[in-house]
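Here the structure is laid out as structure tokens; the discussion comes afterwards.
The values are calculated or read from the model by the stated rules, or taken from the named source; none is laboratory data. No experiment lies behind these values; they were computed from the predicted model shown. Cβ coordinates were reconstructed from backbone atoms using ideal geometry, including for glycine residues, and neighbour counts include every protein chain displayed.
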Amino acid sequence: MLGKGLKRKLNDCEETMTEFSCAYDCNRTMPYSHQRQLVLNMCLNKLQSYKMLAEPNLHRSVLIANTVRQIQEETRQESSQLPGVMGGDIPSNNFIYTGSDPIDSSLNLPFGINTEITRDTWPSENPLDSLMEVTDDDMSSAISSILKDLDFVEDISPTPAQGSVMDEPPKPLESGYKVEKQDVRGTECAFGSFELTSSTSYLKDLSVDDIFDDIDTSMYDSDFSFSSLMSPRMQPAVEEPLKLYTMCNNSASSNLQVCRTDLNDLDHIIEILVGS
Amino acid sequence: MTAASIGLNSQDCDSRNPGCYCRIPATAYRWDAAAIARAQLLSPGDRHDVILRQADIISTVEFNHTGELLATGDKGGRVVIFQREPECKNEPCRQGEYNVYSTFQSHEPEFDYLKSLEIEEKINKIKWLPQQNAAHALLSTNDKTIKLWKISERDKRPEGYNLKDEEGKLKDLSTVTSLQVPVLKPMDLMVEVSPRRIFSNGHTYHVNSISVNSDCETYMSADDLRINLWHLAITDRSFNIVDIKPANMEDLTEVITAAEFHPYHCNLFVYSSSKGSLRLCDMRASALCDKHCKLYEEPEDPSNRSFFSEIISSVSDVKFSHSGRYMLTRDYLTVKVWDLNMETKPIETYQVHDYLRSKLCSLYENDCIFDKFECAWNGSDSVIMTGAYNNFFRMFDRNTKRDVTLEASRESSKPRAVLKPRRVCVGGKRRKDDISVDSLDFTKKILHTAWHPTENIIAIAATNNLYIFQDKVNSDMH
């Protein structure tokens, strides 16, 4: 809508991105975490296409890099807040605040679907790989600093993803996460955690039916709680904050159980999705 | 005169192709003649059919100190100088017309073999030197190299040399039997442009500004990370007066976006940064002005905080007022007037296109958010002007606080036509002739504008077209 008359590359990912950025602009109530994910994706996209520019522009790169840094700093702060929450020494109403609108996360899709969507918005070329190839002049070292930061993000990434709800990372989900990692390599992998953590409330204001109208949504209403399909971080759902809170303080074994069921349910959902 | 009441007359010049730089008698009273003259300039077919060539996009506009000359630079490395028609009592209407005076190729594309980088020929900035004699001089710069050009007129030629014939060949000495005094004969006016100095190898990054000092002997050039001070006569050395390059480029978070000398304190200069701040430096303090003497910065408004806060606060241009008391800065959404004596916040802030605040994500996505709009003062520092999208430009009257949006387009600015104020409608109430935010054309942007140093004449660069508008009230008085 805004881009009327704009020169635009006509490939699918760009178009999808445009839709999202328009959604960002038009839909002021888009969940913050998703806005952030969207901006981050665009930043990385821009940094990736950086070296294709005829005229490398330090000013622009610095501004983009600072935006990435800002987002990263936010995420880091959130992740450092979470362990305290985990300890249970903070009242439960505080627990609701995990930085990414857990209220919305009850209405959500399994993370497998989320990442699927996010992956579609990316060009097939791996952004991180291409960034690595940048020659070693000063400009590129500025970019490589972003890369280092990305690495750091990757290191800390499991913390927000797993630590948010459980004291101990549940093994079944962990393995599921690894599979995910192999699927999306490079930057997408580095930011896989972002996708897991911050796109939780992805569909808050967009009705599921609108976006995935080819998906049979009847199942969501029926036998199992949708929120239990979320990655652990996504579990703080409004319907069951108490259950969740108990879970946090529970022993790891019971967590494991919960997660196994989650994984089974997930398999089930994926089957349905693939089938449809 | 208020900004809102400025009735502007138009004259536009096509800079699409160098062959078009002819005298265009585009006046009201000669409207037909003008139309014909311009039609002849064009290649067959409608001018709108001509594909916009990147090289023809105007990249800078600058009046000289008297306003008699106007220089434009383009992406193709060319400089075109326009001259104002001298005042003529018989045809008062012609006064104020700018016609092409000279065109020359200032910069050529180059290649840096060491860094394996192309150096574009695009003219980033032009600055006129104060006139010292009959000739004019200007500095032009691309990303790396600054050049000093001399522009002089010749309307007489010497004739009757003793040892040379008409073509300049040496005569056979045996034929020289008598001596004569050579005489100057009048001839058609010829404008000669010659390169006088080439200041190269001073910049690692892209030069974004040049500014001539009021001492008329030195000038500075600023790139993303450094500012150099040059003597106009010395090309093989410059002094580095600001260097914000961190020891480790990974720590880089800020770049220099523009720099300018104070109009009459030769020791003072200001530079702006991508973080939205201005630093005033005093060269008397130390040779290296890494420590500013004043930092002008406005605290961020938390209510408008977004992911793009820093990007939109990046200052794209800074200009001292003619009085030297104020500074004008442009960031993505606003223009601000700063008092040199107040560092904490600007004394005035004007919204250029606040309706874009809700579109920032899309503007980031399509890179428009990185556009570098310039800003300009009028001769009396009472009105400020800056560009926007959709070929719109904005004027703000500092006294009455009125503002106006005008459009530079072929359709609306026929010669001598009076520009109608335009309005961008936000929300439901849409009046006739209003344009909605969603139908703005973001490819048509007015980045470069210039205001005549004393009169109400403005030059607007809209991609490959140069528009010159004149205050109607003012011109009618002549």
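Quick notes on this structure:
Here is a yes/no grid of residues against (1) within 14 Å of chain A (Cβ to nearest Cβ); (2) modelled with pLDDT of 95 or more; (3) farther than 30 Å from residue B:238 by Cα; (4) buried (at least 21 other Cβ atoms within 10 Å of the Cβ):
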residue	(1), (2), (3), (4)
B:278	no, yes, no, yes
B:285	no, no, no, no
B:315	yes, yes, no, yes
B:320	no, yes, no, yes
B:329	no, yes, no, yes
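- Which listed residue, of B:163, B:170, B:189, is touching a helix residue (DSSP H, G or I) at 6+ places or on another chain (Cβ under 8 Å) and modelled with pLDDT under 90: B:163
- Taken together, B:316, B:309 contain a single residue that is without any contact (Cβ under 8 Å) to a residue 24 or more places away in the chain and not charged (D, E, K, R), which is B:309.
- Residue selected from the range B:174-203 under the condition touching a strand residue (DSSP E or B) at 6+ places or on another chain (Cβ under 6 Å) and not in a strand (DSSP E or B), by the criterion surrounded by the most Cβ atoms within 10 Å (Cβ to Cβ): B:202
- Hey, residue B:360 aliphatic (A, V, I, L, M) and out of contact with any strand residue (DSSP E or B) (no Cβ under 8 Å at 6 or more places or on another chain) or not: yes
- Number of residues in the range B:108-122 that are within 14 Å of chain A (Cβ to nearest Cβ), touching a residue at least 12 places away in the same chain (Cβ under 8 Å) and part of a loop (DSSP other than H, G, I, E, B): the value is 4.
- Among residues of the range B:376-385 being crowded, with 24+ Cβ neighbours inside 10 Å and within 14 Å of residue B:350 (Cα to Cα), the one that is farthest from the chain's Cα centre (by Cα) is B:383.
- Residue check, residue B:229 touching a Pro at 6+ places or on another chain (Cβ under 8 Å) and surrounded by 15 or more Cβ atoms within 10 Å (Cβ to Cβ): no
- Pair list, Cβ < 6 Å and 6+ apart or interchain, from the range B:365-380 residues that are facing chain A (nearest Cβ under 8 Å) to residues that are not small (Gly, Ala, Ser): B:365/A:42; B:366/A:6; B:370/A:60
- Residue within the range B:142-159 that is of a type in the set (D, E, K, R) and within 14 Å of another protein chain (Cβ to nearest Cβ) present: yes
- Looking only at the range B:244-264, residues that are modelled with pLDDT under 95 and farther than 20 Å from residue A:66 by Cα come to 1 in all.
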